[in-house]
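The block underneath contains the structure these notes are about, expressed in structure tokens.
Laboratory data are not the source of any read-out in this text; all were calculated from the coordinates shown. Quantities reported herein were computed from a predicted structural model and do not represent experimental measurements. Please note: Cβ atoms are built from the backbone with ideal geometry, for glycine as well, and neighbour counts cover all protein chains shown.
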Amino acid sequence: MKNAALPLLVAVLLGGCYATVPVNPDGSRQYGATRQFILPTGLGLNVTRKGNQAEILYPMEYPLTDAEAADYIERGTGCSPTYLVSSRTTYHNGGIFRVYDLACG
């Protein structure tokens with residue numbers, strides 16, 4: 001009897017954690033300083049503000065344009081990206097990681 005209740009307890013606890021993640025008016029989810037957006041393909045894109053910079057992580061399969069990156073950064077941080085500081089591919093998770101300087105005003 002005790003073992004049968006364990007999966008139900010785990011499901012309730014995980015469901016409770018998922019339900020507490022704030023959802024913004026634009027549908028993005030807020031995880032501390034990181035906002036997660038859902039791309040048109042259904043995959044996720046994360047924007048994290050770190051001081052005067054924004055980090056953006058998105059899947060390699062999605063051909064993110066500079067205009068789209070700027071839009072996600074502005075919605076995620078409230079600031080405009082000024083220029084690309086670095087870009088690298090994270091092969092272990094199939095993503096592209098970019099860092100932009102921000103102009104907040």
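Things worth noting here:
- Stokes-Einstein diffusion for the range 12-105, with the hydrodynamic radius set to the Kirkwood value over Cα pairs and evaluated at 25 °C in a medium of 0.890 mPa s, equals 177 µm²/s.
- Fully extending the segment from Thr20 to Glu74 would add 17.0 nm, taking 0.36 nm per residue of separation and subtracting the current Cα-Cα distance.
- FRET E, pair Asn52, Ser87, Förster distance 25 Å, beta-carbon r, rounded to 0.05: 0.90
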